[in-house]
Structure formats: C-alpha cells, structure tokens
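Below is one structure; the comments refer to it alone.
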Amino acid sequence: MEKISISPEWVFSPQPMYIIGTKNEDGTPNFCIITWINFSFDKTPHLMMTVGGTKLTKTNILRDKKFSANMITEDNIWLADYFGNTNGEEGKKDAVPYSYQWGENVDVPIIDECHWSYECEVTRIIELDGAHLFLAAIKNIQIDKEYESMNMKKIDLRKIRPAIYAPYNYFSVGDKLGEMGEWKKHLASGE
C-alpha cells in the first residue's frame, strides 16, 4: 500500500475513555473524562495517565496522589460526556443524576454507573511541558457482579462494551476478529 505522511497532531488516536474520580479539598467527589490513559507493569499493574492544562482533577491528584479510573461504556457515555463538558473549577457537577461510593482500598470516589473501576495510588509524577504524567499503582479493581464468571485471561470486550474515543467522536467495540495465535488461519503464507 502506498503511504503518505501527515502532521503528528491530535488527528487520530483512538483510545478507551475513563471517568477519573478525585476528592476535593472539602471532601466532595470530582469527576472528569481523561482519554490519555494506558497500562503498564512495574512489579505490579500500573496505570499511566497524562492530564494537561489546568483542571481541578489534576490539582486534586497532585495534592492527594490518588484517583479512580472508571471505564466508560456504551450505556454511560452521556454521563461521561457531561463530566467532560463541564468544569469542576466552576462548581459542583450536579446537573444530572448519578451515584457514587468511596473505594474499598483507596479513598477515591467510584461512579456506580460504571461497570469496571480502578482504585489507584500515584507512585511517580513526571512534569511535562503543560501537562503531568502520572504513574499509579492499581490497588484494587471493582467490577460488576455480572462479570464474576468471566475468564479474566480472555476478557470479552463485547460483554463489557467499552466506549472508544477518536477525536471529537465516540464509538463502540465491534466484532471479535479472532484470538491470539490464529495468524496461520488468516494469512495464506503462514500455512
């Protein structure tokens, strides 16, 4: 296939989305959307997250060194959209109904409407030019009871239904394409 070069900007970076939960100085919860997030491993599972600009969420994380990451799915996308389009520095985000609880291992708010949530403690902060990169140990994962019997080594994303962000648009996960190691079935040269 012939290729062309394009500018390395925010043109295409499909990513899962998370509602990040932090605790405000007055003890109330704060939530926002972050898409610059991924996972790593350093003796234990870690989450890597970049937060740019000025946000109440970033202020709270810098102060407390903890947050929750609540996976956004097809059924809670519009709650997430609300959190992403309102500013916590302008007041409490309470124009739409939602419920939350506090984490079991880390004192962070967990959104009840989310089906898969991580409780995280920051282990390292890297200051970038206009952003902060947070490396955080995953201390606990809360999942809906309906996933209790799911094979955690072969998670079926069609059952979890994560929402995917590609700049300014939301998408759902499509069909399962196959399993790891099936390349011989799909590539003629591999036979």
Quiz item: Taking the alpha carbon gyration tensor of segment 78-191, what are the square roots of 5 times its eigenvalues, largest first, to the nearest whole Å?
Solution: 32, 19, 19
Practice problem: Any of Lys58/Lys92; Lys153/Lys176; Lys23/Lys139; Lys66/Lys139; Lys66/Lys92 with alpha carbons more than 22 Å apart? Name them for me. | Solution: none
Quiz item: Measuring from label point to label point, each 7 Å out along Cα→Cβ, what is the Gln15 to Asp129 span in nm?
Solution: 1.8
Quiz item: Out of [x] 18.2, 63; [y] 16.1, 57; [z] 20.6, 66, which label holds the value of Rg and Dmax of the Cα atoms in Å that was computed here?
Solution: [x]
Exercise. Starting from the Cα gyration tensor of segment 86-128, take the square roots of the eigenvalues, sort them a ≥ b ≥ c, and report rounded, prolate or oblate (rounded when a/c is under 1.5, otherwise prolate if a/b is larger than b/c, else oblate).
Key: oblate
Quiz item: Hey, can you rank 136-146, 75-85, 60-70 by average C-beta count inside 10 Å, highest first?
Solution: 60-70, 75-85, 136-146
Quiz item: Is the shape of segment 4-77 rounded, prolate or oblate, going by the alpha carbon gyration tensor and its root eigenvalues a ≥ b ≥ c, with a/c under 1.5 for rounded and a/b larger than b/c for prolate?
Solution: prolate
Quiz prompt | Relative contact order (percent, whole number), segment 56-170, Cα cutoff 8 Å, 6+ residue spacing | solution = 27
Quiz item: What's the exposure ranking of His132, His46, going from fewest to most Cβ atoms within 10 Å?
Solution: His132, His46
Exercise. Only Lys, Arg, Asp and Glu count, each charged at its Cβ (+1, +1, -1, -1), so figure out the dipole size of segment 68-150 about its Cα centre, rounded to 20 debye.
Key: 200
Exercise. Can you tell me how much longer the chain between Ile143 and Lys176 gets when fully stretched, taken as 0.36 nm per residue apart minus their C-alpha distance, in nm with one decimal?
Key: 9.7 nm
Quiz item: In whole Å, what is the distance between the alpha-carbon centres of segment 102-141 and segment 142-186?
Solution: 22
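Each reported figure results from applying straightforward, stated rules to the coordinates on display, with no laboratory input. Note that the coordinates shown come from a computational prediction; the quantities given were computed from them, not determined experimentally. Every residue, glycine among them, receives a Cβ derived from its backbone with ideal geometry; neighbour counts consider all protein chains shown.
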